[in-house]
Amino acid sequence: MTNILEEISKSCGCDTTYKPADFKVENDVRWCSGCGSYGILSQVQKILPELGVPKEKFVFISGIGCSGRFSYYVDTYGFHSIHGRPIAIASGLKLARPDLSVWVATGDGDCMSIGGNHMIHACRRNINLNVLMFNNEVYSLTKGQYSPTSQQGQVTKSSPLGVLEEPFVPAGLALGSGATMVGRGFDRDAAGMKNMFKAAHDHQGLSFIELYTNCVIFNDSAFDPFTSRQSRKEHTVNVEHGKPLVFGENDDKGIIMDGFKPKVVSLADGYSVSDFLVHDQHDVALAYIIAQMSYHNPELPRAMGILQSIVKPSYDQLTEAQIAHEQEAKGKPDVQKLLRGKDSWVVE
Amino acid sequence: MMDKTQKYFDKLTIRFAGDSGDGMQLSGKLFANAAASSGKIARTFPDFPSEIRAPEGTLYGVSAYQVNFGKEDVHTPGDEVDILVAMNASSLKTNLKLLKKGGIIITDTEGFNRKNLRLSQYEESPLESGELEEYNLLALDVTKNIQQELSNLGMSPKNIKKTRNIYVLGVVFWLTGHDISSTANWLKEKFGKKPEMLEANLKVLDAGYLFGQRFEGLPEQFIIDDASMQAGTYRNITGNEATALGMVAAAENAKLELFLGSYPITPATEILQFISSYKSFGVRHLQAEDEIAGICSAIGASYGGSLAFTTTSGPGLALKVEASGLAVMTELPLVIINVQRGGPSTGLPTKPEQSDLLMSVWGRHGESPMPVLAAASPGDCFHMAYEASRIALKYMTPVILLTDGYLANSTEAWKVPDLNMLPKVEVQLADPAEPYQPYKRDDDTLSRKWAVPGMKGLEHRIGGLEKADITGQVSHDPDNHQLMVDLRQQKVDGIANDIPLLKVEGDTESDCLILGWGSTYGAIESAYKILNEKGVKVAKAQLKYINPFPQNLGDVLKNYDKVIVPEMNKGQLATMLRAKYLKEVIQVNKVKGIPFKAMEIASEVEAIIQTETELV
Ligand SMILES: Cc1ncc(C[n+]2csc(CCOP(=O)(O)OP(=O)(O)O)c2C)c(N)n1
Ligand code: SF4
């Protein structure tokens, strides 16, 4: 029934050989120099040509915040929307157009504060979106107030005496809300991001990827323990499906489970790598434990990588299946008959 | 058996009232269907409490359904009731004031037992106290009669009791000279899988009808001639169903997919429910987590090339305000349907009001012009939803359609339109062969072209930040903002060239005009008839386009000394007319959560006309 979709299938050259430069826009990118967002943008532009999708089928939807600018900076279809709502807008788009590859660029304030309701429900619906959450643990566009991921005690413009609230654990919130793919990475880790973006694209269902993004202006170096070369190895563990949780300067530490509690042990203490916890991205309970590590116990490293990836039908797939099923059961749609209804009568 | 006589009437009003659990809504609907399919014009109005199921027998648990039917001039559910079905004491107490003196009351004596009397705060049974002397009281022992009728089916007393409404319906069918066949057919479809309930209901329907025929207390039948309706196919339709169908029809004729993003809220919820049952038509919907997600998902679907809409009622419209500004800024087609209810705040959830007009026209931040339309009757909801879609797509703009709780739930006989005869719905698609400029406008309509993700070579970025004219680049240039504000306003104002002129009817030579909008249409029509019969000269007109107004509205207003504007609010349209046309208009306002009665408007208008004459 659709003329637009016909138009599109006519116009789609299905040419899928692109270079990263094809996704760069002509206009200036207006983030502060040194902003972590540049690193994310550049990895997105690198990965898009590799996904086998025609350029015109990508859509980037963003909210408001420094991260919200993202949709202006990728040369494809983009929609810079309103604060907190990009996931809701993307959900409608994906439902209406399952053929598109829909990406959301959102901030920690955008996604977890004003847009928290949309975020948890999109996870629960498992709608096939790729959500990139730029987490700088602060509100930057509005110049430095605390956000729902700011650390307790953090001093910001709106918390001169320190933040009183506990922060959200974004990956934990996504897992708890039923997201089928959850990843965590950071702006400086090109390889990690590329890997996760590709996995998010391949994943059928909601992919939620939290990216620590350095804000040089309002929260500079907040993630250094996890992201700087010097301390990264001591404070983070890269999780990979089927691989043991090994970390430390000399790859000499690992995680074991003490009941339901993860615990740091070291090879020096007589443990061997085969004793270490092995990551299983299909294990929902394990993903939750790994996501929380280091939030409540600073001895534990912070987990980076794909924390969970499980397969469940997505909302958009289920919608299409219901439509197909109904059409099969009820026959060719006849709108005139629908208008007439069941109890009509004829006046001669 | 004594001889029964037949009395003829032009129209009659029946009100079915009972406890929330008594099935009065169903009796009313089935009666209206039977009346309409036997060739009468019927208008109905359900009147139910906002408590889902208040404790049985209480005054606040009463649910009612009113049907007005006749051969012509039936535009409202009726001012006064001729026949009141009151299944228990509370329903009698709360509805008696609507019954005409001399009208008929049909009750079930079982509904007046001690407990019922206590709950309804009657000191003494009204059936015996003599206080109903001015009416024709038919106190039937419905419960006993159906128990006898169904004694050999082995049903539980609870299930037997559930058929009381159908028995009473049978009595009313006889009384009004209708046959029971349409209801019998409906029951067969409904209870196809429950043979016991089917048999029981068919039996009591028949029994009720026969009871009417034989019972000496019912000496007369009240007969109405068939209406002289235009040839065509008809059905009874509520405003909500008509709205849903209007959207489906517009999508079909525009050759677009239909998408609804919505969050349930009375009295708009049903539209979501209807739409969710149209999956075989490829209609997609999202029951969103809140109203904001409802409108945002619709904006997303619109961006993707669907005919998208969102439905809500007052409190929900308040939540959608920010996103509707985004739709204005991005110039995407979107239909926002507001089924108005009594406010402010949660207000009167199940009762109609017209008090969201100013919020719809002006209630957004920034200069944010948006077309606003209003439907006049249940069937008109179809045409206005279709029209809202036509305007949204042709002008690339969000459009608000106002209906209200009264239109949403009441029914009228609706002539089913032929899809091919409906106005053309144009879609402003970008041409993939040309370089795309997102904010380049069509010379006539000033609408920008729609480029949808997936169209090769037309990749572009839009959003809520102000955009440069033509190119659509983000722009903070002061002159550009002025230009864009002006262009968006001109685009909406220009729609006035594309909508019908306001039609003035009635006595156009009179110096008095009744000007209504929305659901007051029916009451104004009937009031006009009453005035006409009394020889009071007046003209009437109904506004269905509120932003922009029809082009001739200013001239029409000038032509009349007295412009009377009845509204279910404190004077919102009146305010707009004064502001725009500097015309003093006379307000007639009612904000009780109940629609105007025709008599109320008629007597107000008469009083206004007379006051003026005395002054001269
Ligand atoms: C409805 C609404 N409320 C508030 C704002 C102001 N506002 C804009 S961005 C922002 C916070 C952004 O924080 P975050 O999402 O963390 O993004 P960042 O700028 O840090 O990338 C706020 C409060 C707005 N634009 N709209
Ligand atoms: S304020 Fe912070 S987050 Fe925003 S662009 Fe500058 S560095 Fe990046």
A:Pro54 meets each of (1) more than 16 Å from ligand 2 (Cβ to nearest atom); (2) at pLDDT below 95 with one exception, condition (2)
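Looking at B:Gly239, B:Gly261, B:Gly246, which one is touching a residue at least 40 places away in the same chain (Cβ under 8 Å) and farther than 19 Å from B:Asn409 by Cβ?
Selected residue: B:Gly261, the only one of B:Gly239, B:Gly261, B:Gly246 that is touching a residue at least 40 places away in the same chain (Cβ under 8 Å) and farther than 19 Å from B:Asn409 by Cβ.
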When (1) within 14 Å of chain A (Cβ to nearest Cβ); (2) closer than 30 Å to B:Asn236 by Cβ; (3) open to solvent by less than 30 Å² (accessible area, probe 1.4 Å); (4) not polar (S, T, N, Q) are applied to B:Lys415, the one that fails is (3)
Looking across the stretch B:109-137 at residues that are in contact with a strand residue (DSSP E or B) (Cβ under 6 Å, 6 or more places away or on another chain) and not in a loop (DSSP other than H, G, I, E, B), the single one that is farthest from B:Leu12 (Cα to Cα) is B:Thr109
Screening B:Ser280, B:Ser297, B:Ser276 for residues that are at pLDDT 95 or above, crowded, with 20+ Cβ neighbours inside 10 Å, polar (S, T, N, Q) and touching a strand residue (DSSP E or B) at 6+ places or on another chain (Cβ under 8 Å) leaves only B:Ser297
For the stretch A:137-166, pairs from a residue that is more than 14 Å from every other protein chain (Cβ to nearest Cβ) to a residue that is among the β-branched types (Val, Ile, Thr) and more than 10 Å from ligand 1 (Cβ to nearest atom), with Cβ under 6 Å and 6 or more apart or across chains, are A:Gly144/A:Thr156; A:Gln145/A:Thr156; A:Tyr146/A:Thr156; A:Tyr146/A:Val163; A:Ser150/A:Val163; A:Gln152/A:Val163; A:Gln154/A:Val163; A:Gly162/A:Val155
Within the stretch A:132-147, of all residues that are open to solvent by 10 Å² or more (accessible area, probe 1.4 Å) and assigned to a strand (DSSP E or B), the one nearest to ligand 2 (Cβ to nearest atom) is A:Tyr139
- prompt: Regarding B:Ala184, is this residue within 14 Å of chain A (Cβ to nearest Cβ) and under 25 Å from the mean Cα position of the chain (by Cα)?
  reply: no
query: Is it the case that A:Cys32 is among the hydrophobic types (A, V, I, L, M, F, W, C), more than 11 Å from ligand 2 (Cβ to nearest atom) and either assigned to a loop (DSSP other than H, G, I, E, B) or at pLDDT below 95 (or both)?
result: no
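Residues are listed down the side, and each one gets a yes or a no for (1) part of a helix (DSSP H, G or I); (2) modelled with pLDDT under 90; (3) within 14 Å of B:Ala34 (Cβ to Cβ):
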position: B:Val172; (1), (2), (3): yes, no, yes
position: B:His178; (1), (2), (3): no, no, yes
position: B:Lys188; (1), (2), (3): yes, no, no
position: B:Met197; (1), (2), (3): yes, no, no
position: B:Lys203; (1), (2), (3): yes, no, no
position: B:Gln221; (1), (2), (3): no, no, no
position: B:Met229; (1), (2), (3): no, yes, no
Taking the stretch A:297-312 and keeping residues open to solvent by less than 80 Å² (accessible area, probe 1.4 Å) and touching a residue at least 40 places away in the same chain (Cβ under 8 Å) leaves A:Leu300, A:Pro301, A:Arg302, A:Ala303, A:Met304, A:Gly305, A:Ile306, A:Leu307, A:Gln308, A:Ser309, A:Ile310
Checked the stretch B:289-307 for anything outside any helix (DSSP H, G or I) and facing chain A (nearest Cβ under 7 Å); matches are B:Glu289, B:Asp290, B:Gly304, B:Gly305, B:Ser306
Requiring at least 2 residues that are facing chain B (nearest Cβ under 8 Å), the helices (runs of 4 or more DSSP H) wholly within the stretch A:274-348 are A:315-330, A:335-340
Checked the stretch A:108-124 for anything touching a Gly at 6+ places or on another chain (Cβ under 6 Å) and either open to solvent by 10 Å² or more (accessible area, probe 1.4 Å) or touching a residue at least 60 places away in the same chain (Cβ under 8 Å) (or both); matches are A:Ile114, A:Cys123, A:Arg124
Reported set for the stretch B:26-77 where residues are open to solvent by 10 Å² or more (accessible area, probe 1.4 Å), part of a helix (DSSP H, G or I) and farther than 13 Å from B:His178 by Cβ is B:Leu26, B:Lys29, B:Leu59, B:Tyr60
Considering the stretch A:20-29, residues that are touching a helix residue (DSSP H, G or I) at 6+ places or on another chain (Cβ under 9 Å) and away from ligand 2 (no atom under 16 Å from the Cβ), and then whichever is nearest to the other protein chains (Cβ to nearest Cβ), we arrive at A:Val25
So is B:Asp141 exposed (fewer than 14 other Cβ atoms within 10 Å of the Cβ), under 35 Å from the mean Cα position of the chain (by Cα) and among the acidic types (Asp, Glu) or not? no
Subset of the stretch A:49-71, residues surrounded by fewer than 24 Cβ atoms within 10 Å (Cβ to Cβ) and either assigned to a helix (DSSP H, G or I) or within 16 Å of ligand 1 (Cβ to nearest atom) (or both), comes to A:Pro49, A:Glu50, A:Leu51, A:Lys55, A:Lys57, A:Arg69
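I'm trying to understand the selection: among the residues of the stretch B:259-273, which are more than 7 Å from chain A (Cβ to nearest Cβ) and open to solvent by less than 50 Å² (accessible area, probe 1.4 Å)?
Listed by number, the residues that qualify are B:Leu260, B:Ser262, B:Pro264, B:Ile265, B:Pro267, B:Ala268, B:Thr269, B:Ile271, B:Leu272.
Hey, does the stretch B:308-318 have a residue that's under 30 Å from A:Arg124 (Cβ atoms) and at the interface with another protein chain (Cβ under 10 Å from one of its Cβ atoms)?
yes
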If we ask which residues in the stretch A:81-112 are touching an Asp or Glu at 6+ places or on another chain (Cβ under 9 Å), under 25 Å from A:Tyr18 (Cα atoms) and either assigned to a helix (DSSP H, G or I) or within 12 Å of ligand 1 (Cβ to nearest atom) (or both), their number turns out to be 1
Checklist entry - On the given criteria, is A:Gly78 touching an Asp or Glu at 6+ places or on another chain (Cβ under 9 Å), more than 16 Å from ligand 2 (Cβ to nearest atom) and not in a helix (DSSP H, G or I)? => result yes
Of (1) within 16 Å of ligand 2 (Cβ to nearest atom); (2) under 28 Å from A:Ile47 (Cα atoms); (3) surrounded by 23 or more Cβ atoms within 10 Å (Cβ to Cβ), A:Ala222 satisfies every one except (3)
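Anything in the stretch A:148-176 that is in contact with a strand residue (DSSP E or B) (Cβ under 6 Å, 6 or more places away or on another chain) and more than 14 Å from ligand 2 (Cβ to nearest atom)? List them, or say none. I'd like the intermediate steps shown before the answer.
Keep residues of the stretch A:148-176 that are in contact with a strand residue (DSSP E or B) (Cβ under 6 Å, 6 or more places away or on another chain), which gives A:149, A:156-158, A:170-171, A:174-175.
Hits for the stretch A:148-176 are A:Ser158, A:Pro170, A:Ala171, A:Ala174, A:Leu175.
The values are calculated or read from the model by the stated rules, or taken from the named source; none is laboratory data. None of the values given here were measured: they were computed from a predicted structure. Heads up, the Cβs are rebuilt from the backbone with ideal geometry, glycines too, and the neighbour counts pull from every protein chain shown. Accessible surface is based on the protein model in full, side chains and every heavy atom, while ligands, DNA and RNA are left aside. Shrake-Rupley method; radii C 1.70, N 1.55, O 1.52, S 1.80 Å.
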